Amino acid sequence: MKSGEWRVESGEYNFFPVPCPLNPEPQTLSPPVPKTPAKGSYALISLGCPKNLVDTERMAGLLQLDGYRMVSDPAKADFVVVNTCGFIGDARAESHQAIEEMLDLKAKGKLRGVIVTGCLAERDKDRLLQKYPQIDQLVGVFGREDIGEAARRTMAGLAEQRTIFRPAPTRPPEDTHRLRITSKHLAFLKIAEGCNRLCSFCSIPQLRGPYASKPLELIVAEAEELAADGVKELVLVAQDTTFYGIDLYGKPRLAELLQRLDRVEGPAWIRLMYLYPMHIGEGLIDTIAGAKKILPYLDLPLQHINDEVLQRMRRRVNRAETLELLGRLRKGIPRLVLRTTFIAGFPGETEEQFAELLDFVRTEKFERLGAFSYCEEEHTPAVELDGAIPLEIRNLRRDRLLAAQQPIAFAWNKSQVGRRHEVIIDSRIPGQKNAYIGRSYADAPEIDGVVYVTGDNLKPGQIVPCEIVTTNNYDLVAVGC
């Protein structure tokens, strides 16, 4: 169990507020709420990706504005909001486990109500209520703005209206007035909603609708609001970051957005996640390379390298284009760290095609890499493909990818020994004097490794020059300079 998580019976979930990188004192981006008696108390469980976390923070802010008080222990709350993930099988299983444990607390009289929100609610709708009739309110992805109504119904014990679902909006809703549950110095900034890619293995377009960019000015305003609240690291997220602006302005405008964000006072680091390997032109590369705050770290999910597999995945890129892109990125952005992900055991993947992927990993030497076994997603085209691969073989291929990556990651870490890096401090190490956990520019929060830092009187959010003195597997050890 990671530091800062609470264990509830058989499961492990992030209950908020909790220690870093989730914040022990949630940060309110809205005006101060009058100190009147609270309508009730609630606890939060947020599962899934950072985009889901932004939704959680927005719902928490709305509940606070509506007069509800957050507590850290679900057993001491009037109701709990479980913001679920419905993307892959393991995530769905985790969501089901969280729901079952909260319903068990309700059955024991420790909770008045359970509100289930997010992607699993959107995906399964009435099937979820049939399986768990004790759920008080079921709120879809785009029903988040009505979380106050769901809370009112729950507190009033209303059973006749138990669902809130809304269609995907033409433009994504604002993410202002969030009650942030990340550390004060860290925030995720969602620049778009939905996806147009229609990859054959992915259910996201079904859950979150077509791609919808936020207006550029709105994103800048949200960044300024976060900066005013003390954020030092902004992490830009969307289902497809490089598609930003095409639907709204008729052409990609990520480069322009980054130029504007680079001028926002306050944040020192801007990190880019979820860049689909299309629409990465020289203008975007030059912007990243020349910016003061944009980190030379790119999350570029490639999924595979074999042309036939990519075609079956409907990725709209091929091996030659991928190699050309990687060359341009490495040449154009000094000190670049690349993170990627691959799917092992996609339907029809032959041993030869997997061997091609394995060789690609060993050759390209990505600094950061994740690998996943293919998971069947209901109502996706990939489910109908022939050549299904047994789960045991999928898992074996995943493990072979990770085994191939390990010496590459360890070698990169060793190459950093003796070098100096700026490290953002996330938290103290409990029980140790002058010992801290931080991250370098090469480490995305909750995804990559960490840097263990020795220094005097350091504070979370402080960016400290450090010398790397040794490695600890996937992590680094440093001394503050």
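The values are calculated or read from the model by the stated rules, or taken from the named source; none is laboratory data. Keep in mind that what you see is a predicted model, and the values were worked out from it rather than measured. Note that we place each Cβ from the backbone using ideal geometry, even for glycine, and neighbour counts take in every protein chain shown. Side chains included, ligands, DNA and RNA excluded: accessible areas come from the protein's heavy atoms. Shrake-Rupley method; radii C 1.70, N 1.55, O 1.52, S 1.80 Å.
Would you check if there is a residue in the range 414-421 being under 24 Å from the mean Cα position of the chain (by Cα), under 29 Å from PHE188 (Cα atoms) and open to solvent by less than 80 Å² (accessible area, probe 1.4 Å)?
No, the range 414-421 contains no residue that is under 24 Å from the mean Cα position of the chain (by Cα), under 29 Å from PHE188 (Cα atoms) and open to solvent by less than 80 Å² (accessible area, probe 1.4 Å).
Confirm whether PRO252 is open to solvent by 40 Å² or more (accessible area, probe 1.4 Å), more than 15 Å from the chain's Cα centre (by Cα) and free of Cβ contacts under 8 Å to residues at least 60 places away in the same chain.
For PRO252, the condition - open to solvent by 40 Å² or more (accessible area, probe 1.4 Å), more than 15 Å from the chain's Cα centre (by Cα) and free of Cβ contacts under 8 Å to residues at least 60 places away in the same chain - is met.
If GLN405 satisfies all but one of (1) of a type outside the set (Asp, Glu); (2) open to solvent by less than 20 Å² (accessible area, probe 1.4 Å); (3) more than 20 Å from GLU367 (Cα to Cα); (4) not in a loop (DSSP other than H, G, I, E, B), what's the number of the condition it fails?
Every listed condition holds for GLN405 apart from (3).
Does GLU160 count as within 24 Å of VAL231 (Cβ to Cβ), surrounded by fewer than 21 Cβ atoms within 10 Å (Cβ to Cβ), of a type in the set (D, E, K, R) and at pLDDT below 95?
no
Do you know which of the residues in the range 62-95 that are under 21 Å from the mean Cα position of the chain (by Cα) and surrounded by fewer than 17 Cβ atoms within 10 Å (Cβ to Cβ) is farthest from ARG180 (Cα to Cα)?
GLY89
Quickly run through the range 270-298 and pick out the residues that are within 30 Å of GLY230 (Cβ to Cβ) and not in a strand (DSSP E or B).
Passing the criteria: MET273, TYR274, LEU275, LEU284, THR287, ILE288, ALA289, GLY290, ALA291, LYS292, LYS293.
Of the residues LEU357, LEU302, LEU275, which is open to solvent by less than 30 Å² (accessible area, probe 1.4 Å), in contact with a strand residue (DSSP E or B) (Cβ under 7 Å, 6 or more places away or on another chain) and either more than 21 Å from ALA238 (Cα to Cα) or hydroxyl-bearing (Ser, Thr, Tyr) (or both)?
Within the list LEU357, LEU302, LEU275, the selection yields LEU357.
Out of everything in the range 364-374 that is of a type in the set (Phe, Trp, Tyr) and open to solvent by 10 Å² or more (accessible area, probe 1.4 Å), what residue ends up being nearest to PHE201 (Cα to Cα)?
Here the answer is TYR374.
Looking at GLU446, GLU377, can you tell me which residue is open to solvent by 80 Å² or more (accessible area, probe 1.4 Å), modelled with pLDDT under 95 and either of a type outside the set (A, V, I, L, M, F, W, C) or assigned to a loop (DSSP other than H, G, I, E, B) (or both)?
Matching residue, one of GLU446, GLU377: GLU446.
VAL383: out of contact with any strand residue (DSSP E or B) (no Cβ under 8 Å at 6 or more places or on another chain), in a helix (DSSP H, G or I) and free of Cβ contacts under 8 Å to residues at least 60 places away in the same chain, yes or no?
The answer is yes for VAL383.
Filter the range 209-226 for residues that are assigned to a helix (DSSP H, G or I) and open to solvent by 20 Å² or more (accessible area, probe 1.4 Å); which is nearest to GLN239 (Cα to Cα)?
The extreme case among them is LEU218.
What are the pairs with Cβ atoms under 6 angstrom where one residue, in the range 454-468, is more than 15 Å from ASP443 (Cβ to Cβ) and the other, located anywhere, is surrounded by 18 or more Cβ atoms within 10 Å (Cβ to Cβ) and of a type in the set (Phe, Trp, Tyr)? Sequence gap at least six, or different chains.
These pairs meet every condition: LEU458/TYR436.
Across the range 349-380, what is the number of residues that are closer than 30 Å to LYS331 by Cβ, among the acidic types (Asp, Glu) and touching a residue at least 12 places away in the same chain (Cβ under 8 Å)?
Count: 3.
Condition (residue is touching a helix residue (DSSP H, G or I) at 6+ places or on another chain (Cβ under 8 Å), under 30 Å from PHE346 (Cα atoms) and assigned to a helix (DSSP H, G or I)) applied to the range 410-432: is it met by at least one residue?
So far as the range 410-432 goes, no, none of its residues is touching a helix residue (DSSP H, G or I) at 6+ places or on another chain (Cβ under 8 Å), under 30 Å from PHE346 (Cα atoms) and assigned to a helix (DSSP H, G or I).
Check LEU396, LEU476, LEU458 and return the single one that is open to solvent by less than 20 Å² (accessible area, probe 1.4 Å), modelled with pLDDT of 95 or more and over 26 Å from LEU236 (Cβ atoms).
LEU458
Among the residues of the range 97-146, write down those that are more than 19 Å from ALA60 (Cβ to Cβ), outside any helix (DSSP H, G or I) and open to solvent by less than 30 Å² (accessible area, probe 1.4 Å).
TYR132, ILE135
For every residue, the table says whether it meets (1) outside any loop (DSSP other than H, G, I, E, B); (2) touching a His at 6+ places or on another chain (Cβ under 9 Å); (3) of a type in the set (Gly, Ala, Ser); (4) closer than 21 Å to MET59 by Cβ.
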position	(1), (2), (3), (4)
ALA168	no, no, yes, yes
ARG171	no, no, no, yes
ARG180	yes, no, no, yes
PHE188	yes, no, no, yes
LEU207	yes, no, no, yes
GLY230	no, yes, yes, no
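Which one of GLU222, GLU265 is touching a residue at least 24 places away in the same chain (Cβ under 8 Å) and out of contact with any strand residue (DSSP E or B) (no Cβ under 7 Å at 6 or more places or on another chain)?
The match here is GLU265.
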